[in-house]
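Here the structure comes first, spelled out in C-alpha cells, and everything after it is commentary.
The values are calculated or read from the model by the stated rules, or taken from the named source; none is laboratory data. Here the structure is a predicted model, which is why all the values come from computation and not from measurement. Every residue, glycine among them, receives a Cβ derived from its backbone with ideal geometry; neighbour counts consider all protein chains shown. Calculation scope for accessible area: heavy atoms of the full protein, side chains included, ligands and nucleic acids excluded. Shrake-Rupley method; radii C 1.70, N 1.55, O 1.52, S 1.80 Å.
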Amino acid sequence: MYFQKEEMAANGTGVTSPRTPLKSILTEKAKGIPNDSAGTVKAQTIEELHSLQRKRSAPNTPLQGTAGAFASLSEDERQRQQLQSISASLASLTRGTGPKVIRGDPGGGKYQAVSHAAHHHHHIEAPVISVSDSSLKFTHVLYNLSPGELYEQALKYEKGSFLTSTGALATLSGAKTGRSPRDKRVVIDDTTQDELWWGKGSPNIEMDEHTFMVNRERAVDYLNSLDKVFVNDQFLNWDPKNRIKVRIVSCRAYHSLFMHNMCIRPTPEELENFGTPDFTIYNAGQFPCNRYTHYMTSSTSIDINLNRKEMVILGTQYAGEMKKGLFSLMHYLMPKRHILSLHSGCNMGKDGDVALFFGLSGTGKTTLSTDHNRFLIGDDEHCWSDDCVSNIEGGCYAKCIDLSKEKEPDIWNAIKFGT
C-alpha cells in the first residue's frame, strides 16, 4: 500500500513515510471472473424478477459446516428460534425472562408468536391488552424491514417525518442533532481495566457494572412497554473471516432505516443461519436516563459493556451514536486479532492500488474516496489486515450541508428513495 504526496496533503498529513506495499487487490475483471451483475435484468413478471433476485442472493461466503447450523430445521422451527432469540435479547434481568414477542405490525393480522416459557409455536391473533405490566402484553417485532416498509412506519407514526422531492426520508432526531461524546461511558472491569486507555486525555469515560445494569434495565423496560420494536440483524466487516454479527433493537423506523443502510445486510440464506448476535444495541433514545444514577451528567447516556457485548442508548435520538458505538466495538475487537481499525475513507485504482484518506468528520474523506476515476471501497471505517483492506460498513454517511451537485455528484444522486 502506498500514498502519493498529493493524497497525503489532501488529508492534512505533512510527513510521508515508506510503507511496506500491500499486494494489489484483483478485481473480478482482472481475475477473469465473469460479473453476473452486469447487464440489464429482463423479467416478464414480478414473480420472475423476484426469482432472479433470490438466485442472486446466495451467500458470498460458504456457511459454516456442510450446510449451515440450521439447514435441517423447518421454516416454522427457524421462525420460532428467531423469535426466542429476540425475546432473550429483551429479557429483563430482574424478572429473568423475555417478553412474549410477535413478528409483525400491531396494526392487525395474524403473526407468529412465542412465549418466553413456551417450547411450541402457534399462530394467534394478537390481543389488545391495556396493562402496564409488560409480562402480560405482547411486543410486536418488526424484523429486518425493507426501506419501503420503514418509510410507511415513519410517515404514519413518527411526527416530523416527510418525503423529500427526491424520495429520501427527512426526519427529526429530537434535541440532539449530533453525538454526545461527554455522555458516553465504558464499563470498567477486571478485563477492560488493563486493556483500555483510561485517565487524563482518554476518550474512555468509565462507569461500573452495576450502573450499566441500571441503565440497561431502564432501556429494556422502556422497549418492552412499547407496542412494537424494530429489530435489525446485520453484519460488520466485509472480510468474511472477521465478520461480526450485530443486533439493533430500536423504537423508531428512522433508526432501523439508518442501520439498514449503515451495516451489511445478510442475504436470506445468511439470515436463516444468523443465530445469536455477537453484540446487541438497545436504542431507547426516546427515553431519558435517570440523572440521579451514578456517573450520569445529563439526561443522555450512551453506555458500552464489552464484557456483556451490549450497548445502551438513553436520552438521544441521534442515529450516529449507533454507528460510532459499533466502530468503538471494532476498535476493541480487531487489534486483538492483529488487525488495524481505521477512521478513514478508502478507494482502489484500476490496477488494484489502494489509497486511504484520513481526517476528522467533515474534512473530506467521503469526497476524496468517491473519486470517479477510482473504485469506492468505503468512506469512513475500515480494517487493515495482513490479507486485505475491508470496509466495516455497508453504506456511506455523508453530510448534506452546502452540498454541491457539481463537486459531489455521487452523494447528491444518492439522496433518493431508501436514504
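Key figures
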item	result
For the range 177-223: span of alpha carbons on each principal axis (Å, largest first)	34, 31, 12
Where the range 311-401 is the region considered: accessible area per residue in Å², 1.4 Å probe	39
By average C-beta atoms within 10 angstrom, highest first, the peptides 393-403, 138-148	138-148, 393-403
Förster-model FRET efficiency, 41 Å R0, Ser298 and Leu155, C-beta, rounded to 0.05	0.85
Förster radius 41 Å - calculated FRET efficiency between Thr191 and Glu406 (Cβ-Cβ, nearest 0.05)	0.20
Estimated inter-spin distance, Phe375 and Ile205, nm [label 7 Å along Cα→Cβ]	4.3
Above-threshold pairs, the threshold being 26 Å between Cα atoms, out of Lys156/Lys365; Lys241/Lys323; Lys350/Lys407; Lys241/Lys405	Lys156/Lys365; Lys241/Lys405
q = 0.16 Å⁻¹: log10 I(q)/I(0) that the Debye formula gives for the range 140-337, counting C-alpha atoms only	-1.07
FRET E, pair Leu93, Asp387, Förster distance 51 Å, beta-carbon r, rounded to 0.05	0.80
Over the range 140-337, relative contact order from alpha-carbon pairs under 8 Å, at least 6 apart, %	24
Accessible carbon and sulfur surface of the range 140-337 relative to its total accessible area, %, 1.4 Å	52
Proportion of all alpha-carbon pairs of the range 268-419 beyond 24 Å (%)	47
